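What follows is a short report on a single structure.
The values are calculated or read from the model by the stated rules, or taken from the named source; none is laboratory data. Computed from a predicted model, the values in this text were never measured in an experiment. Neighbour counts are summed over all protein chains in view; Cβ atoms, including those assigned to glycine, are modelled from backbone coordinates with ideal geometry.
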Amino acid sequence: MPRRCFSRDSFNERFGQMHKINFIVALYGSGGRADHVMGILKTLFIARDLTELPVMLVTESSISWLLKGSHAIRLESEHIGTKCGLIPLGHSSTVSTTGLVWNLGIISTSNEVNDTKITIDCDHPILFTIENRMEISR
């Protein structure tokens, strides 16, 4: 089967505008292998070169995506938990947050949301991950 490659512009034109897509969701499992997890995270960086749409990685226990710049995130769903983490990938990053239990101005792999709206400002891409409470059937 021939492999198709899309440039960022052709991908956005073909899929994003045609279907009014706001974000892309990718379901994944790592089988408990660290090398698979790293490969999956690398996919976020590859996707960033293909589209400006956010790509969210979803597992049974978490939802994760790359953030860079300023973000205001509303968390008003019973499907989203309170446990979260902010993890730099590739570069050190200066981060400031509001709406978390520990707004430390540093990276936090174990934090918790204490508001329905959080803000995150970062100068380099970070992985934002938050607890997923959706039931995913097998």
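List of remarks:
- Hey, Glu135 of a type outside the set (S, T, N, Q), touching a residue at least 24 places away in the same chain (Cβ under 8 Å) and either in a loop (DSSP other than H, G, I, E, B) or loosely packed, with under 15 Cβ neighbours inside 10 Å (or both) or not: no
- Qualifying residue in segment 19-28 (condition: within 21 Å of Met134 (Cα to Cα), of a type in the set (Val, Ile, Thr), assigned to a strand (DSSP E or B) and modelled with pLDDT of 90 or more): no
- Of all the residues in segment 36-58, those that are crowded, with 16+ Cβ neighbours inside 10 Å and in contact (Cβ under 8 Å) with a residue 40 or more places away in the chain number 7.
- Qualifying residue in segment 75-86 (condition: farther than 19 Å from Arg48 by Cβ and polar (S, T, N, Q)): yes
- Selection within segment 33-66: residues that are part of a helix (DSSP H, G or I) and among the β-branched types (Val, Ile, Thr). The member of this set that is farthest from Val113 (Cα to Cα) is Ile46.
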